[in-house]
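Trainee: Before I ask anything, let me first share the structure, which is written out below as structure tokens.
Computed from the coordinates by the stated procedures, all read-outs in this text should not be read as laboratory data. In this text the structure is predicted, and so the values were computed from the model without any measurement. Don't worry about glycine lacking a Cβ; one is built from the backbone with ideal geometry, like all the others, and counts go over all protein chains shown.
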Amino acid sequence: MVAAFFDVDGTLTATNVLMPLNWFMKAHLPKWRYWAWSFKLAFWLPIYFVADKIDRQIFVRIFFRQYFGLDAKKVKDWHKEQFEKVTKSLIFAEALEQVRWHQRQEHRIVLVTGGADFIVEPLADWLNADLLASKLEEVGGKFTGKLIGEILVGDGKAKALKDHASKNNIDLKASYAYGDSVSDAPMLACVGNPVAVNPDRRLRQIATEKGWKIVRWR
């Protein structure tokens, strides 16, 4: 079986990990509380930026603490609604065309993301795709802000991809992978057809050195 593995933020969609939380807070907090939360988030942004440059796993662990105490069901239900209202319109046209091309070839579509599973599930369902994503711990119906298990970033993505391929008899040499960040490089290196999509500077350098295909999706 041949598969096509897609990163999500910046590859399939014009989104980033901060956007879904910001949308949720803006929709559910009184205006003054939203602005107070935004001010607090602005304080954290430089820390997130530095953490991301050092190790994206560190950034992901720190960032998802922002979900501490939020009602898990409310957040999940809202993201399902948000997909139809907003997120679907943020899918890159070229990305969707590529997904549909793979489906016509009867390739298995797999989304691989460091984002939380409940954020990406509506997209995966709509695309009829498998989903490999990070998971947030829940206690008493509330998010604790802690991630469960492997964080799907860097080598974690590559490991999840290989495990999924092994369980589903996927031929990695014949398969495809798409990513936009240097943290996606280990995942791209797992397949015979790696594609750097809207690559950051470091991924572009790696892709150029290795002869990987580079594309721009908008």
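Trainee: Taking 35 Å as R0, compute the FRET efficiency from the Cβ-Cβ separation of Ile58 and Val139 and round it to 0.05.
Mentor: E between Ile58 and Val139, to the nearest 0.05, is 0.90.
Trainee: Moving on. Let me have the 222 nm mean residue ellipticity of the chain computed from DSSP H runs of 4+ only, each contributing -39500 (n - 2.57), with the sum over all residues rounded to the nearest 500.
Mentor: -15000 deg cm²/dmol
Trainee: Along the charge dipole of the chain, Cβ charges K/R +1 and D/E -1, which of His79, Leu127, Cys190 sits furthest on the positive end?
Mentor: Final value for the positive-end residue is His79.
Trainee: Still on this structure: Please report the spacing between the Cα centers of the range 160-218 and the range 54-69 in Å, no decimals.
Mentor: Spelled out, the Cα-based centre of one part sits 24 Å from the other.
Trainee: Using amide H atoms built in the peptide plane, which far-off residues or other-chain residues are under 5 Å from Leu152 H to H?
Mentor: Residues meeting the criterion, in which the H sits 1.01 Å from N, are Ser134.
Trainee: Can you tell me, using C-alpha contacts under 8 Å and at least 6 residues apart, the relative contact order of the range 1-111 as a whole percent?
Mentor: Computed over the range 1-111, the figure is 57 percent.
Trainee: Please give me the summed charge of the neighbours of Leu131: other residues whose Cβ is under 9 Å from its Cβ, Lys and Arg +1, Asp and Glu -1.
Mentor: Spelling it out: positives minus negatives among the neighbours equals -4.
Trainee: To the nearest µm²/s, what D does Stokes-Einstein give for the range 1-82 at 4 °C and 1.567 mPa s, using the Kirkwood radius over alpha carbon pairs as Rh?
Mentor: 89
Trainee: Suppose R0 equals 25 Å; then what is the FRET efficiency for Arg65 and Asp155 from their Cβ-Cβ distance, rounded to the nearest 0.05?
Mentor: 0.65
Trainee: In nm, what is the difference between 0.36 nm times the number of residues separating His28 and Asp125 and their Cα-Cα distance?
Mentor: Residue separation times 0.36 nm, minus the Cα-Cα distance, leaves 32.4 nm.
Trainee: Stretch Glu97-Glu209 to full length: gain in nm at 0.36 nm per residue minus the Cα-Cα span?
Mentor: Value of the extension gain: 37.6 nm.
Trainee: Let me spell out the model: positive unit charges on the Cβ of Lys and Arg, negative unit charges on the Cβ of Asp and Glu, origin at the Cα centre of the range 118-203. What dipole size does that give, in debye rounded to 20?
Mentor: So the dipole magnitude of the range 118-203 works out to roughly 220 debye.
Trainee: Assigning unit charges at the beta carbon (Lys, Arg +1; Asp, Glu -1) and nothing else, what dipole magnitude in debye, to the nearest 20, does the chain show about its Cα centre?
Mentor: With Lys and Arg at +1 and Asp and Glu at -1, about 520 debye.
Trainee: Obtain the nm distance between the two label points defined at Val86 and Ile148 by a simple spin-label model: each point lies 7 Å from its Cα along the Cα-to-C-beta direction.
Mentor: Computed distance between label sites Val86 and Ile148 equals 2.6 nm.
Trainee: Further, regarding this structure: Considering all projection directions equally, how large on average is the shadow of the alpha-carbon convex hull of the range 3-215, in square nanometres?
Mentor: 11.8
Trainee: With a Cα-only, solvent-free Debye model of the range 86-197, what are the log10 I(q)/I(0) values at q = 0.12, 0.20 Å⁻¹?
Mentor: -0.44, -1.19
Trainee: If amide hydrogens are placed 1.01 Å from N in the peptide plane, which non-local residues have theirs closer than 5 Å to the one on Lys213?
Mentor: Hits under the 5 Å cutoff: Ala196.
Trainee: Using r as the Cβ-Cβ distance of Arg202 and Lys173, and R0 as 30 Å, what FRET efficiency do you calculate, to the nearest 0.05?
Mentor: Between Arg202 and Lys173 the formula returns 0.75.
Trainee: Using the reciprocal of the averaged 1/r over all distinct C-alpha pairs, how large is the Kirkwood radius of the range 172-218 in Å?
Mentor: Final number for the Kirkwood radius of the range 172-218 is 10.1 Å.
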